[in-house]
Each structure stands twice: as C-alpha cells, then as structure tokens.
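Chemist: Take this structure first; my questions come after.
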Amino acid sequence: MSNAPVRQLACAALVAALSATACAKAPSTEKDSNGTMSEDTSSSRTVGGHTYTTQPVEAKLGPHRFMFPANLYYDQSGPLPDGGVMLTVFWPDFGAAPPGNRPVRSVEDSQRQVLVELNYLDRVPIADYLGRRSSNDATAEAGSLRSRNPAQRLELRDAQAERWGLTPYAINPALMDAYVKDSEAELGVPYRRNPALEPDWYVARSTDGRLTTFISCDPADRVPDGLSVQGSALVSTGAERIAMCRHSMVDVDDNITIEMGYARVMLHDWQRLESAVRALLRNHKIKS
C-alpha cells in the first residue's frame, strides 16, 4: 500500500487550515439567509473560462466504478491526474459545494470543508487496515525499540471515558517514561520529546470489538481549536492555527479505505460525517 495518497491528504488538509489564517479571500456570494453555503447545485457556472457542472464523472476504485457529480470532486472537475479520488464535502450538512465554488471559495467556507480520499486496498487485508493505522507496525521492526513507543501503539495507550460515542486513548505516562529511558540507554543520546506532536487518538468499535473508526487529532491540551461553532457557521477565535483531525474508516465490502481531514471542532459530528460518506459511495456506485 502506497503512502503517497496519505501524504496528499495531509498536505491538502494543512493547506486548508493555513488558508484560514493566511490569505483572505472575498466572501462567497453563494450564501443563504443563515449565512451558510447554498446547497442548490442544480446549475452550471463558468469561472475563469472554465465551466463547472454537476454532471456525473466516472471514478475507478479497483474493480468498482462510481459516477460522482463533478462538483463533489476536490477540484470540482473529476479524479486527480493520476486517477486518485479526492472528494470535498462541507459541514454542517456534509454536502457538495455549488459548481464553480472552488476558485472563489471564501475563508469561511474553506474552514468547513472535509477532504475525503478514497483508495482501493488489495495488498493487505482490508480488515487489518485500521489496526495498522493505529500502530507503527508499517515502519517499526517487530521487537525493536520503536515498536515499543507507547505514543504510536493503541494497545499501549489507556482508554478514557467515552466522548461523542468515541473512546479516547491517552498515552500512558509510566510507559512513556520507561520508553524514554530505554531509548536513551540504547541510543546514547537524550530523548527529545515534543508533546505537541503527540496526537490525541479516538476509536469506535463494533459490537464484537473490531475497530471501525480511528481518528487522530492535534492534542487538545496543546493546540486550541482555532474555530468555534456558532449556529451553522465556524468562526475563527483568532488563534494562530486551526487544530485538525485525520479520520480513518473502511468500506469492507468493496475493499475501500476512506481517509478524511477536517478541523477538530467538527469532531463531535463524526457519526453524521461517516453516514454521509457511506451514502455517497452507496448512491453513486455503478451496479455490476
């Protein structure tokens, strides 16, 4: 499984976050009376000589074919040049933006976007994907010092009280202290720990205990949200950055991995987001 799509999503999410505090664009004119983005995507729009529409555009994920509306794609045109499938939906309804919105998208709308990357997985069992995401098995040799890092392994973290239907998993301080000592003894150099780079982890499980959701977010005790929920709008708090989350789940039946990036302030709506994305896959799949 390639890590390139993962990096693409992370970079895109970072750009989305930075755009909120960097370049200020003119506000979008496509607002309803409540100040939120209009969900009327029935017409086409020409911006900069390019006409954006809602016409279906084919996407291929392994043997599966989907016909997503053009305005649902990241660039509001279709799959990425390499065939990768990146979609964009918007809080609070998790619907697509109107065609032609992307070139003139306001900071306010950019802050509400959720980037959704879809990949077909055939090199490892789909059932193992979330377990690999919640560990460092892919990068650490079994039995090595790195494989004992309690910040990078779910089974070494401590389950906390449930929030929003998710179980947070915190780093075990005693295990972390022991790991630091082992690292310094083995490598002979001081261990440089930066808690600001140790994400908060949240998981959901099925009734039989299988991981169904894995979410990694900027640590709440180190990075403020940067946004606040005010009705159907997300409003900047004036912080230097926006806390982000990386949300992983899978479509087991079709062997599709789903990776999403969004502002952490939306985390409480994770279940609605998952339902919306699964509905997109179900409703736009071409039946064989």
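Chemist: Could you please find all residues in segment 232-280 being open to solvent by 10 Å² or more (accessible area, probe 1.4 Å), assigned to a helix (DSSP H, G or I) and touching a residue at least 40 places away in the same chain (Cβ under 8 Å)?
Modeler: ARG264, VAL265, HIS268, ASP269, TRP270, GLN271, ARG272, GLU274, ALA276, LEU280
Chemist: Could you give me the residue pairs with C-beta distances under 9 Å whose first residue belongs to segment 85-108 and is farther than 18 Å from ALA279 by Cβ and among the basic types (Lys, Arg), whose second residue is modelled with pLDDT of 95 or more and part of a strand (DSSP E or B) wherever it lies, and which are 6+ apart or on separate chains?
Modeler: ARG102/THR88; ARG105/GLN113
Chemist: Among (1) open to solvent by 20 Å² or more (accessible area, probe 1.4 Å); (2) within 24 Å of ALA279 (Cα to Cα); (3) of a type in the set (A, V, I, L, M), where does VAL116 come up short?
Modeler: Just one mismatch for VAL116, condition (1).
Chemist: Something else: Going residue by residue through segment 167-185, is there one that turns out to be open to solvent by 30 Å² or more (accessible area, probe 1.4 Å) and at positive phi?
Modeler: No, every residue in segment 167-185 fails to be open to solvent by 30 Å² or more (accessible area, probe 1.4 Å) and at positive phi.
Chemist: To continue, here is another question. Within segment 68-78, which residues are open to solvent by 40 Å² or more (accessible area, probe 1.4 Å) and of a type outside the set (S, T, N, Q)? Break it down stepwise before answering.
Modeler: Taking segment 68-78 as the starting set, the residues that turn out to be open to solvent by 40 Å² or more (accessible area, probe 1.4 Å) are 74-75, 77.
If the condition is that a residue be open to solvent by 40 Å² or more (accessible area, probe 1.4 Å) and of a type outside the set (S, T, N, Q), then TYR74, ASP75 are the ones that fit.
Chemist: Shifting gears a bit: Only residues that are within 19 Å of the chain's Cα centre (by Cα) and open to solvent by less than 10 Å² (accessible area, probe 1.4 Å): list them for segment 95-110, please.
Modeler: Listed by number, the residues that qualify are ALA97, ASP109.
Chemist: So is ALA127 more than 18 Å from the chain's Cα centre (by Cα), part of a loop (DSSP other than H, G, I, E, B) and surrounded by fewer than 21 Cβ atoms within 10 Å (Cβ to Cβ) or not?
Modeler: no
The values are calculated or read from the model by the stated rules, or taken from the named source; none is laboratory data. Quantities reported herein were computed from a predicted structural model and do not represent experimental measurements. Cβ atoms come from the backbone with ideal geometry, glycine included; neighbour counts cover every protein chain shown. Ligands, DNA and RNA are excluded from the accessible area calculation, which covers all protein heavy atoms including side chains. Shrake-Rupley method; radii C 1.70, N 1.55, O 1.52, S 1.80 Å.
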